[in-house]
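Written below as structure tokens is the structure these notes are about.
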Amino acid sequence: MLENVLGSADFNALMKRHATELMEMLLKKGINFSLLTNIADVSFSPPLPEHISKGFKPITMFFLAGYTFESTQIYNGVISFEAGFGSDNFGSLVSVPVECVLQVIIEEIPVFINLSNPLKKEEPKPKDNGIKRSMDALMSNPQNKKLLKN
């Protein structure tokens, strides 16, 4: 029962909307916050050097304050911000789909926890070769074999 709720499209949309509205409010009020997200869902532009990216844990927290906070935008379902990484402060635009934000944290207290299980995008199934199947069905009858030209 619970899985049906947490995995439903309605619940996922509600969580995404709630996360968006909360983060927009925090940005408008100038309240710094952190995001907890799965690093696999995060994109960096330009990509981070390997010596920096390999240091990330699977679940990573980004603290939005200072210039990073000022650069933060939410647009088309994606929160993005500029941040510096490593000892050289390598600059990159960080982008996270809002539905992939696991938690929003203020002063070490989670104020939002995303409980949804986003629907897996199904790979389109390869179409069966209908012509081949029709031909096989036709040829399974010995009487029909004489219809073919050699």
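Values in this text are rule-based calculations from the coordinates and carry no lab data. Keep in mind that this is a model prediction, so the values were computed, not measured. Cβ atoms come from the backbone with ideal geometry, glycine included; neighbour counts cover every protein chain shown.
Listed values, structure above:
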| quantity | calculated |
| --- | --- |
| Charge sum, other residues only, whose C-beta stays under 12 Å from F90's C-beta, Lys/Arg counted +1 and Asp/Glu -1 | -3 |
| Along each principal axis, Cα extent of segment 1-125, largest first, Å | 49, 41, 25 |
| Size-normalised alpha-carbon gyration radius of segment 8-59, reference 2.2 N^0.38 Å | 1.48 |
| Segment 65-75 - phi-based ³J(HN,Hα) in whole Hz, Karplus 6.51/-1.76/1.60, Gly and Pro as x | 8, x, 4, 4, 5, 4, 8, 5, 9, 10, 8 |
| Table column - 3J(HN,Hα) (Hz), segment 22-34, Karplus curve with 6.51, -1.76, 1.60, x for Gly and Pro | 5, 5, 4, 5, 4, 5, 4, 8, x, 9, 5, 8, 10 |
| Estimated FRET transfer efficiency (F90, L6; beta-carbon r; R0 35 Å; 0.05) | 0.40 |
| Two-site label geometry, M25 and Y67: point separation in nm, points 7 Å out along Cα→Cβ | 3.1 nm |
| Neighbourhood net charge (13 Å Cβ-Cβ; Lys/Arg +1, Asp/Glu -1) for N38 | -1 |
| Chain lengthening between E107 and I39 when straightened (0.36 nm per residue, less Cα-Cα) | 22.3 nm |
